[in-house]
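Please treat every number below as a calculation from the coordinates, not as lab data. Quantities reported herein were computed from a predicted structural model and do not represent experimental measurements. Cβ coordinates were reconstructed from backbone atoms using ideal geometry, including for glycine residues, and neighbour counts include every protein chain displayed.
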Amino acid sequence: MAEIKPLPIYPSTPTGADLTLLQEAKAQLDTPFLVSPVKAVPGSPGRVIALRERPNFLCDYAYIPDPNPTSVLEALKWALGTHDDPRGVTVVHMLKEIFGDGTFEL
């Protein structure tokens, strides 16, 4: 039986067209595990996919203002760690926006 990993989605668990986009994107990836979309909350494990809205808490996230098959696929690759993407927003990036460029990760 394949391992199932939670996939945090902000602002809520996806339904309808958003869920379909995620399912189709996951089907294009060759990963040894399944994913289960869940509502992202502070402390959610892993990277968050943010659909149409940026998270209101610190987290690593991929922001998709207008979800489409290509944007969801690229965000999913980054969220699952199969590809790096400079568009991904990290906690360090968020803190630099607040505290300035002198902020760094130890």
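What the table shows:
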{"quantity": "Residue exposure sequence - 96, 77 - by fewest surrounding Cβ within 10 Å", "calculated": "96, 77"}
{"quantity": "Cut-off 16 Å, label 7 Å out along Cα→Cβ of residue 91, residues of region 35-76 by amide N", "calculated": "41-49, 55-62"}
{"quantity": "Neighbour-count ranking [beta-carbon atoms within 10 angstrom, fewest first] of 9, 4", "calculated": "4, 9"}
{"quantity": "Inter-probe distance in nm under a simple model that places probes 7 Å from Cα toward Cβ, at residue 82 and residue 17", "calculated": "2.4"}
{"quantity": "Total lysine pairs whose alpha carbons fall under 15 Å of each other in region 3-99 (8 or more apart, or interchain)", "calculated": "4"}
{"quantity": "Per-pair calculated FRET efficiency, R0 = 22 Å: residue 105 and residue 4 via Cβ, rounded to 0.05", "calculated": "0.15"}
{"quantity": "Ranked by how many other beta carbons lie within 10 Å on average, peptides 27-34, 48-55, 88-95 from highest", "calculated": "48-55, 88-95, 27-34"}
{"quantity": "Lys/Arg +1, Asp/Glu -1 at C-beta; region 43-106 dipole; positive extreme among 68, 79, 90", "calculated": "68"}
{"quantity": "The chain, relative contact order in percent, only Cα pairs under 8 angstrom and at least six apart counted", "calculated": "25"}
{"quantity": "Nearest-20 debye value, region 3-99 charge dipole, Cβ charges on Lys, Arg, Asp, Glu", "calculated": "200"}
{"quantity": "Structure-derived Kirkwood radius over Cα pairs in Å: which label, when the choices are (1) 13.8; (2) 23.4; (3) 14.2", "calculated": "(3)"}
{"quantity": "The chain, helix-only ellipticity at 222 nm - DSSP H runs n ≥ 4, -39,500 (n - 2.57), divided by all residues, nearest 500", "calculated": "-9000 deg cm²/dmol"}
